[in-house]
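Here's the structure we're looking at; comments come further down.
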Amino acid sequence: MSDTLLARLTEVVGATHVLTELGGHPDLADYRGVYQGRALAIVHPGSTAEVASVMRLSHAARTPVVVQGGNTGLLGGATPDESGRAVVLKLHRLNRVRAIDPSNDTITVEAGCVLQHVQEQAAAADRLFPLALGAQGSCTIGGNLATNAGGIQVLRYGNMRELTLGLEVVTAQGEVWHGLRGLRKDNTGYDLRDAFIGSEGTLGVITAATLKLFPKPVGCLTALLRVASPEDAVSLLGLLRQRWGGALTAFELFSGSVLGFVRARLPDKPLPVPDLDEASWYALVDYADFSGDPVQQTLFEKPLADALESGLLTDATIAQNEGQRQKWWHLREHGVMEAQATLGRNVKHDISLPISRIPSFLVQSQARLQQRFPALFIIAYGHLGDGNLHYNLVRPESLPLAEFIGWEDEIHELVHDLVHEFGGSISAEHGVGQGKRDALLRYKDPVELALMGRLKQAFDPEGILNPGKVLPASVWPGA
Ligand code: FAD
Ligand code: 2HG
Ligand code: ZN
């Protein structure tokens, strides 16, 4: 059976695009090396029609299909299971920009386009495509859609769902839904687009999308701001929202102790934060300048000066040039992750909370963790403007990695229980994949979960799309 399928897949996409010698292939493990799987083949289709043929053949053979984009997901969503039965469908050859319509402010791209390429194509048309995140040099639009990715400009422009107007999707059975509509209003029934966004390859294969573009700022003013506490960071966010309005495009928070951790773990890389105070908190903020008028500098600086005078800010540094700005953003998007990686695997949480409750969440979670796991170091940072924290735990060097990883489930439960008590979500932007699948049973409304199972039944009754991901086995028996 599998030989017949392989032969037919080869007829459809060509022998060079069906890989079967897979020992140690990097696409069978996830980005962090937490999940490892096996596969029948890794297939590289070159067009939507080829994806549809692959799906028809796989469906007829009842063979699981795991879609993969840039494989930067953080919850094992793109990693096949260990059965070796799945076809991994890697979409990097679907990388064409099909159209740019500057008057409609839209761009239509194929799912395998790398995010950064789409940003660049938009910029070449004097427009902005605002999704921006640390993995933008390798993650793909298909993966961004399938995980409903967020990143650093969500507070101004929204996450991937809000940036999407239309989709082209290949169904589990191999039909093509031509939904690439560039419309901002369309109330002709159920919104299937929103069902596919965030579905992590379990409902269909996204092959292309029509995305929103925005006016491109002519410049960006950036500041690194110091406050005494998370409460003050929340007040500062409120102040800048009020005074900067739509010009506030990013508001990222770090604890001073996180920055101290980065300095200690990456001693060869000078920390671009002089006079670091580890007891304080820091906000990295961007102000988009759409006019180039010198008045923008005043509009940017005046609220900061007022906040310094009132004592809300204890320090403010304004980037003097693009180089300084880039160093801060590199620290935010790469430095913190790199520093954690020096201690091997960490225990990650990607949580969202009502912004107002973040300060007390931080106090209570620290107290509970200290009581149960006093040796662990808390990495608290993230997208405060969206109420989204990356709340990671790292081990002290003296604690063996295996012992630390043995605590992982208990740590997750402790943190997620508190998030739940605070009315938050256990996945803000990274999705569910296999890593958080079973936790949904504990935290998600049972009716909501049952409806998800019925949706899966309607879209993929044979359960061939990404089995074992997102839906707990008791919700979707095919999983
Ligand atoms: P993959 O990892 O290949 O796949 C992810 C999931 O989507 C899988 O379930 C897969 O089956 C499915 N999928 C992929 N393509 C398709 C498709 N065409 N159709 C249907 N299903 C598909 N995320 C954020 O939201 N914000 C951040 O700030 C952020 N920063 C990151 C920084 C780093 C350094 C890294 C490594 C990751 C970060 N992420 C962030 C995680 C994020 O989910 C991904 O980077 C990105 O959205 C995944 O895209 P990908 O192409 O790599 O998808
Ligand atoms: C980010 O915002 C990513 O940099 C990942 O979403 C952060 O998990 C992390 O530490
Ligand atoms: Zn993030």
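Only residues in region 32-54 that are under 30 Å from ARG98 (Cβ atoms) count as the first member; pair them with residues that are in a helix (DSSP H, G or I) and among the charged types (D, E, K, R), Cβ under 7 angstrom, at least 6 apart or cross-chain, and list the lot.
So the pair list comes out as ILE42/ASP27.
Looking at region 210-255, which of its residues are of a type in the set (Val, Ile, Thr) and surrounded by 16 or more Cβ atoms within 10 Å (Cβ to Cβ)?
THR210, THR222, VAL227, VAL234, THR249
Among the residues of region 426-469 satisfying the criterion of being more than 16 Å from ligand 3 (Cβ to nearest atom) and among the small types (Gly, Ala, Ser), which is farthest from ALA195 (Cα to Cα)?
Across region 426-469, the extreme among qualifying residues is ALA439.
Having 2 or more residues that are away from ligand 2 (no atom under 11 Å from the Cβ) is the bar; report the helices (runs of 4 or more DSSP H) wholly within region 320-423 that clear it.
Correct list: 322-330, 358-372, 401-406, 408-421.
Can you pull out every residue in region 65-92 that is touching a residue at least 60 places away in the same chain (Cβ under 8 Å), surrounded by fewer than 22 Cβ atoms within 10 Å (Cβ to Cβ) and within 12 Å of ligand 1 (Cβ to nearest atom)?
LEU74
Tell me, yes or no, whether region 158-165 has at least one residue that is within 16 Å of ligand 2 (Cβ to nearest atom) and assigned to a helix (DSSP H, G or I).
yes
Determine whether region 51-60 contains at least one residue that is small (Gly, Ala, Ser), under 29 Å from HIS412 (Cα atoms) and touching a helix residue (DSSP H, G or I) at 6+ places or on another chain (Cβ under 8 Å).
Checking region 51-60: not a single residue is small (Gly, Ala, Ser), under 29 Å from HIS412 (Cα atoms) and touching a helix residue (DSSP H, G or I) at 6+ places or on another chain (Cβ under 8 Å).
Yes or no, residue by residue, for (1) over 25 Å from HIS334 (Cβ atoms); (2) within 13 Å of ligand 1 (Cβ to nearest atom); (3) at pLDDT below 95:
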{"position": "ASN159", "(1), (2), (3)": "no, yes, no"}
{"position": "LEU165", "(1), (2), (3)": "yes, no, no"}
{"position": "LEU180", "(1), (2), (3)": "yes, no, no"}
{"position": "LYS185", "(1), (2), (3)": "yes, no, no"}
{"position": "VAL227", "(1), (2), (3)": "no, no, no"}
{"position": "GLN242", "(1), (2), (3)": "yes, no, no"}
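Being within 16 Å of ligand 1 (Cβ to nearest atom) and among the hydroxyl-bearing types (Ser, Thr, Tyr) is the filter; apply it to region 339-371 and report the residue that is surrounded by the fewest Cβ atoms within 10 Å (Cβ to Cβ).
THR342
For (1) crowded, with 21+ Cβ neighbours inside 10 Å; (2) closer than 18 Å to LEU224 by Cβ; (3) of a type in the set (Ser, Thr, Tyr); (4) touching a residue at least 24 places away in the same chain (Cβ under 8 Å), each residue gets a yes or a no:
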site: GLN297; (1), (2), (3), (4): no, yes, no, yes
site: ASP315; (1), (2), (3), (4): no, yes, no, yes
site: GLY323; (1), (2), (3), (4): no, yes, no, no
site: GLY335; (1), (2), (3), (4): yes, yes, no, yes
site: LEU376; (1), (2), (3), (4): no, no, no, yes
site: HIS383; (1), (2), (3), (4): yes, yes, no, yes
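Quick one: count up the residues across region 117-147 that are away from ligand 3 (no atom under 16 Å from the Cβ), of a type outside the set (Phe, Trp, Tyr) and assigned to a loop (DSSP other than H, G, I, E, B).
Total satisfying the criteria: 2.
Restricting to strands (runs of 3 or more DSSP E) lying wholly in region 60-113: which have 2 or more residues that are within 20 Å of ARG32 (Cα to Cα)?
Passing ranges, in order: 65-68, 87-90.
Quick one: TRP281 ticks every box in (1) more than 26 Å from TYR157 (Cβ to Cβ); (2) without any contact (Cβ under 8 Å) to a residue 60 or more places away in the chain; (3) buried (at least 20 other Cβ atoms within 10 Å of the Cβ); (4) not charged (D, E, K, R) bar one, so which box is it?
(1)
Considering (1) within 29 Å of GLY134 (Cβ to Cβ); (2) surrounded by 17 or more Cβ atoms within 10 Å (Cβ to Cβ), say which one ASP438 fails and leave the rest.
Of the numbered conditions (1) within 29 Å of GLY134 (Cβ to Cβ); (2) surrounded by 17 or more Cβ atoms within 10 Å (Cβ to Cβ), the odd one out for ASP438 is (2).
The values are calculated or read from the model by the stated rules, or taken from the named source; none is laboratory data. These numbers were taken from a predicted model, which means no experiment stands behind them. For neighbour counting, all protein chains shown are included, and Cβ atoms are generated from backbone atoms with ideal geometry for every residue, glycine included.
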